[in-house]
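Everything on this sheet refers to the single structure shown next.
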Amino acid sequence: MGFDKSMAQSFGPAADLYDSIRPTYPAEAVAWMTDGKAVDAVDLGAGTGLLTRALVAQGHRVTAVEPDDLMRTKLVSATEGIAAALSGSAEAIPVPDASADLVTGGQSFHWFDRDKAMPEIRRVLRPGGVLAPVWNVRDESTGWVGALTEAIGNSQGEKDALAATAPGYFGDLFGEVEYRVFRHEWPIDRAGVLRLVQSRSYYLTADAAGKARIEAVVGDVLGSHPDLEGRESFAMPYDTYVFRVRPV
């Protein structure tokens with residue numbers, strides 16, 4: 001599918017950092033996945049449970065599936081009220097056929113091998129069930145955020161959130177795509193921006209020199225952009241892309 005497997009598997013050693021600095025998802029975006037109805041949900045690539053906890057908070061019965069042991073351990077310690085936390089992947093989902101009304105993934109769908117994952121997702125969904133991946137995408141129309149993206153580039157997730165709006169992204173096992181975009185602002189400070197970047201796969205998989213270069217360009221944006229002059233705390237603006245597709 002064109003992704004770097006080492007990048008997909010890079011997050012475990014940074015599980016604590018990931019859980020503490022990555023943004024959660026707007027409640028209204030999570031509610032839109034099922035029109036506010038509580039359902040049986042499977043959260044694929046659940047990571048440390050950022051989306052899992054948002055689903056539980058809205059009354060869903062959530063089975064979290066995460067292949068990385070360190071990420072899953074953090075999920076279990078940080079998350080109350082889940083039905084189960086299972087070792088597994090989107091390509092081999094460890095739940096029975098037709099056992100879920102909702103399958104989702106927060107900031108994870110772009111890591112899936114879609115040729116293998118889409119038949120598996122279809123297998124576990126009940127009739128009328130919904131696949132609902134979600135991505136937080138930085139709002140680059142904000143001056144300093146655009147400068148940051150110019151300096152460090154876009155992540156694969158940010159690219160896929162836009163690609164998923166096009167016909168055909170979810171393949172021929174699923175029907176027409178519905179999506180909505182929700183505004184989301186995440187409070188952060190200068191140190192937090194650097195920690196956020198340090199939780200990204202492109203940083204985690206870089207060598208020492210590469211990490212130093214990334215830290216330097218982030219520091220330059222934070223230290224020189226006029227939007228941030230004299231400010232220690234501010235907000236990282238996101239557009240949260242939520243999709244709904246149903247099996248055909």
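Show me the ranking of peptides 59-72, 82-95 by mean Cβ neighbours inside 10 Å, starting with the highest.
59-72, 82-95
Under a crude label model (7 Å from the Cα following the beta-carbon direction), how far is ALA92 from LYS116 in nanometres?
0.8
Just order 216-228, 106-118 by mean Cβ neighbour count inside 10 Å, highest at the front, would you?
Working: 216-228: 14.2, 106-118: 21.1.
Answer by packing, highest mean first, reads 106-118, 216-228.
Once amide H atoms are placed 1.01 Å from N in the peptide plane, what residues at a sequence separation of 5 or more from TYR238, or on another chain, have their amide H within under 5 Å of its amide H?
Amide H neighbours of TYR238, under 5 Å, 5+ apart: ASP139, HIS184, GLU185, TRP186.
Of all beta bridges DSSP finds with both residues in the chain, what is the antiparallel percent, to the nearest 5?
55
Using a 1.4 Å probe over the heavy atoms of the protein chains, calculate the carbon and sulfur portion of the accessible area of the range 139-248 as a whole percent.
Reported share for carbon and sulfur atoms: 50 percent.
When Cα extents along the principal axes in Å is calculated directly from the model, which label among (1) 54, 35, 32; (2) 71, 37, 32; (3) 53, 49, 32 fits?
Only one listed value fits the structure, namely (1).
Need the full-extension length gain, LYS159 to THR205, defined as separation in residues times 0.36 nm minus the C-alpha distance. One decimal, nm.
Length gained between LYS159 and THR205: 14.7 nm.
Amide H neighbours of SER108 under 5 Å, at least 5 residues apart or on other chains, H built in the peptide plane: list them.
VAL134
Could you give me the ³J(HN,Hα) list for the range 158-174, computed from phi with Karplus coefficients 6.51, -1.76, 1.60 and θ = phi - 60°, whole Hz, x at Gly and Pro?
With the stated coefficients, the range 158-174 comes to 5, 5, 6, 4, 7, 5, 5, 6, 8, x, x, 4, 8, x, 8, 8, 10 Hz.
Could you derive backbone 3J(HN,Hα) for the range 101-113 from the dihedral phi with the Karplus parameters 6.51, -1.76 and 1.60 (θ = phi - 60°), listing whole Hz in sequence and x where the residue is Gly or Pro?
For the range 101-113, the Karplus-derived couplings read 8, 9, 10, 9, x, x, 6, 9, 4, 5, 8, 6, 7 Hz, x marking Gly and Pro.
Within the set of other residues whose C-beta is less than 14 Å from the C-beta of ARG231, count the net charge using Lys and Arg as +1 and Asp and Glu as -1.
-3
Give the angle, between 0 and 90 degrees and rounded to the nearest 10, that separates the Cα long axis of helix 208-224 from the longest principal axis of the Cα atoms of the chain.
Computed tilt is about 70 degrees.
The values are calculated or read from the model by the stated rules, or taken from the named source; none is laboratory data. In this text, all values refer to a predicted model and were calculated from it rather than measured experimentally. Cβ: placed from backbone, ideal geometry, glycine included. Neighbour counts: every protein chain shown. Heads up: the accessible areas ignore ligands, DNA and RNA and are worked out on the full protein's heavy atoms, side chains in. Shrake-Rupley method; radii C 1.70, N 1.55, O 1.52, S 1.80 Å.
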